[in-house]
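The next block holds one structure in the form of structure tokens; read it before the comments.
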Number of protein chains: 2
Amino acid sequence: LSFAPATVYGVLLNYKGALAALGDTVNEPPYKAPPKAPVLYIKPANTWIGDGAPIPVPGDVEALQMGAALGVVIGRTACRVPAESALDYVVGYTVVNDVSVPHGSFYRPSIRFKCRDGFCPIGTAVVDRARVSNPDALRVRVFVEGVLRQENTTANLIRPTARLIADVTEFMTLAEGDMLLTGVPENAPLARAGQRVAIEIEGVGRLENPLVAEGRAG
Amino acid sequence: LSFAPATVYGVLLNYKGALAALGDTVNEPPYKAPPKAPVLYIKPANTWIGDGAPIPVPGDVEALQMGAALGVVIGRTACRVPAESALDYVVGYTVVNDVSVPHGSFYRPSIRFKCRDGFCPIGTAVVDRARVSNPDALRVRVFVEGVLRQENTTANLIRPTARLIADVTEFMTLAEGDMLLTGVPENAPLARAGQRVAIEIEGVGRLENPLVAEGRAG
């Protein structure tokens, strides 16, 4: 890793299509309603790997979900920041692959599904904020073995970057070096050991990693 | 803080009484069964405070749950460690207050309930492993305003320390400096702004913090 984050936070269901895909499920027990505040989870240090490093596929899993995410790197302490000035707290952006084991429990941020070793490849470059004119209009693409498997845009975020920072810092302080992932689009493509995945975010960069059967990841 | 952890992991429902208290609820949707592997959550850096530091009580909350927890500090990389040798990976123990906003969603590790600023007071001393002969037989006591409000023992853990390390490192690697909290007993006492809480773990130490209305915590 060329840059070491402090804490990396992911957010569930932040794409309009991802929430819509759940349909009525969100109204079932135990929550009985869509989330009212950002539902966060953490990608701890054991998940972080760099561009090009192998993603280990656990032995009991057929394929992994590739979660294309914009990584928003915080530049200074942010506590109860209004959306209007939230982007002032951002130092830059990077490309992240928020890898998951495919699972049905959409609503519960499970560490066993999201935090296995190597489940958070992070792009090499943190692109300066000044060079990303609008983080809410970036094309996001995922390629598996060179084939385009997903395309979406951060224009489809329920909470765009500034709103997300505002809503998160309403209940917890973000520190310099923390990274907030703005969400993973619906229909995250699957990839298997032996395949290569690349994620491109317009104006931010490209992140490419091979998947390797666990035990052979070195 | 006299010692800076890497990542701090809590575990849900690891006291026999805490699981029993749920009764049939564990068999309801969406999970329909008690957890089969440790259900972990993370207490990120914004939650860490030292002995004596104020715990901020959010403005919209009446009282907070005081979560007495044994903190197990990992001394070296632990990946798929068998229970028999798991304690060799421990460098020492400390007292932790795993603070929560009281909530009904017992089963979902919510960052909004568990990760507010100052929600993880951590004891000053990491007591050397050699000085704790049996981590699975330690009396745990919580005092609010000097009055004993809870008493339990780590003998009641569903997964004792070594078993917990084994089961966690089965699916993720723990690193030097990581801290695993072995769980919070059932009936965690409540405390309000203006009160002081102390947690004592036999042979490990004492941790004491005042609760202060948010905005006045300094």
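The values are calculated or read from the model by the stated rules, or taken from the named source; none is laboratory data. Quick caveat, the model's predicted, so the values are computed rather than measured. Positions of Cβ are backbone-derived with ideal geometry, glycine not excepted, and every protein chain shown enters the neighbour counts.
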Subset of region A:109-150 (residues that are buried (at least 21 other Cβ atoms within 10 Å of the Cβ) and charged (D, E, K, R)): A:LYS114, A:ARG116
Enumeration of residues in region A:160-203 that are among the β-branched types (Val, Ile, Thr), within 26 Å of A:PRO102 (Cβ to Cβ) and in a loop (DSSP other than H, G, I, E, B): A:THR182, A:VAL184
Of the criteria (1) within 14 Å of chain A (Cβ to nearest Cβ); (2) at pLDDT below 95, which one B:CYS120 fails: (2)
Residue count for region A:23-55, restricted to those that are in contact with an Asp or Glu (Cβ under 9 Å, 6 or more places away or on another chain) and either modelled with pLDDT under 90 or part of a helix (DSSP H, G or I) (or both): 7
Filter result for the condition that a residue is surrounded by fewer than 21 Cβ atoms within 10 Å (Cβ to Cβ) and either at pLDDT 95 or above or of a type in the set (Gly, Ala, Ser) (or both), over A:VAL99, A:VAL91: A:VAL91
Among the residues listed as A:ALA193, A:ALA155, the single one being more than 27 Å from A:PRO56 (Cβ to Cβ), surrounded by fewer than 22 Cβ atoms within 10 Å (Cβ to Cβ) and small (Gly, Ala, Ser): A:ALA155
B:PRO5 assigned to a loop (DSSP other than H, G, I, E, B), touching a residue at least 12 places away in the same chain (Cβ under 8 Å) and not aliphatic (A, V, I, L, M): yes
Qualifying positions in region B:2-28 - facing another protein chain (nearest Cβ under 10 Å) and either small (Gly, Ala, Ser) or surrounded by fewer than 16 Cβ atoms within 10 Å (Cβ to Cβ) (or both): B:ALA6, B:THR25, B:GLU28
Failed condition for B:GLU84, given (1) more than 26 Å from B:ARG196 (Cβ to Cβ); (2) touching a Lys or Arg at 6+ places or on another chain (Cβ under 8 Å); (3) among the acidic types (Asp, Glu): (2)
Region A:41-86, subset free of Cβ contacts under 8 Å to residues at least 12 places away in the same chain and more than 18 Å from the chain's Cα centre (by Cα), residue farthest from the other protein chains (Cβ to nearest Cβ): A:SER85
Conditions (1) outside any strand (DSSP E or B); (2) surrounded by fewer than 17 Cβ atoms within 10 Å (Cβ to Cβ); (3) not acidic (Asp, Glu): number failed by A:ARG206: (1)
Subset tally (residues that are more than 14 Å from chain A (Cβ to nearest Cβ), of a type in the set (A, V, I, L, M, F, W, C) and under 14 Å from the mean Cα position of the chain (by Cα)) for region B:163-190: 2
